Amino acid sequence: MSGMLSSSTNGTFRNWLVLVTGAALVAASALGATQAKANDLIVKYDQSQLMRTSRPVSEIIIGNPTIADVSVQSRDLLVVTGKSFGKTNIILLDSEKNVIQEKLVVVLQDQTKVVNLRRGISRESYNCSPLCNPTITVGDDKLYFKTNAENAAMKMKLSQGQDTGSGGGQ
């Protein structure tokens, strides 16, 4: 039997090979879905990127405003902010409704200082630069996300001098 596999071993190997090939194809297609091309605007989640135009913009169309947001800095300078992971497009029009520019925007997570803690199927995200602190990331456990979002909103109100109504203080 040297150099020959039994039919059961051959079948097991074939099943394993099909499974590995299928997994590789799924992984490759998922990776391709998030990879950006050279002309795309890549923005990191919760960060901003400048976008210059060749002439003044009078109208901005965002394919999916839950993924990216655009604010006007000046007539030919925009700020694109990543709000959620994924892809969307931005179309810029001039005053005569002519297309100035159309860009695909890819929002990715900055993995350099992020630690994800998994407990079963739930996830908590921490920004570790240099100490680890909770961060609000789409896809985190609902209670964890809600608690951190409420804390961030309260902190924002405090920094703006608004009363949070919590009764706490010094």
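The values are calculated or read from the model by the stated rules, or taken from the named source; none is laboratory data. Only a predicted model underlies this, so the values are computations on that prediction, with no experimental measurement involved. All Cβ positions, glycine included, derive from the backbone under ideal geometry; neighbour counts span all protein chains shown.
Is it the case, given these coordinates, that THR21 is surrounded by fewer than 16 Cβ atoms within 10 Å (Cβ to Cβ), at pLDDT below 75 and within 28 Å of ASN127 (Cα to Cα)? Considered against the rule, which asks whether it is surrounded by fewer than 16 Cβ atoms within 10 Å (Cβ to Cβ), at pLDDT below 75 and within 28 Å of ASN127 (Cα to Cα), THR21 comes out as no. What do you reckon, is ASP69 within 25 Å of ASP40 (Cβ to Cβ), within 14 Å of the chain's Cα centre (by Cα) and outside any loop (DSSP other than H, G, I, E, B)? So ASP69 passes the test. Condition check for SER74 on (1) closer than 30 Å to LYS155 by Cα; (2) at pLDDT below 95; (3) touching a strand residue (DSSP E or B) at 6+ places or on another chain (Cβ under 9 Å); (4) not assigned by TED's automatic domain parsing to the domain that holds ALA152: one failure, at (3). Only a single item in (1) modelled with pLDDT under 95; (2) hydrophobic (A, V, I, L, M, F, W, C); (3) assigned to a strand (DSSP E or B) is not met by VAL79, and it is number (1). Identify all residues within the stretch 93-112 that are in a strand (DSSP E or B) and within 17 Å of ASP76 (Cβ to Cβ); write none if there are none. Across the stretch 93-112, the qualifying residues are LEU93, VAL99, ILE100, GLN101, GLU102, LYS103.
Of the residues making up the stretch 112-124, none is over 20 Å from ILE136 (Cβ atoms), of a type in the set (Val, Ile, Thr) and modelled with pLDDT of 90 or more. Contact annotation: no residue pair with Cβ atoms under 6 Å, 6 or more positions apart or on different chains, pairs a residue in the stretch 83-112 that is touching a residue at least 60 places away in the same chain (Cβ under 8 Å) and surrounded by fewer than 16 Cβ atoms within 10 Å (Cβ to Cβ) with a partner that is assigned to a loop (DSSP other than H, G, I, E, B) and not acidic (Asp, Glu).
If we scan the stretch 148-165, do we find a residue that is part of a strand (DSSP E or B), closer than 20 Å to LYS44 by Cα, over 18 Å from the mean Cα position of the chain (by Cα) and of a type outside the set (Ser, Thr, Tyr)? Looking for residues that are part of a strand (DSSP E or B), closer than 20 Å to LYS44 by Cα, over 18 Å from the mean Cα position of the chain (by Cα) and of a type outside the set (Ser, Thr, Tyr), one finds none in the stretch 148-165, hence no.
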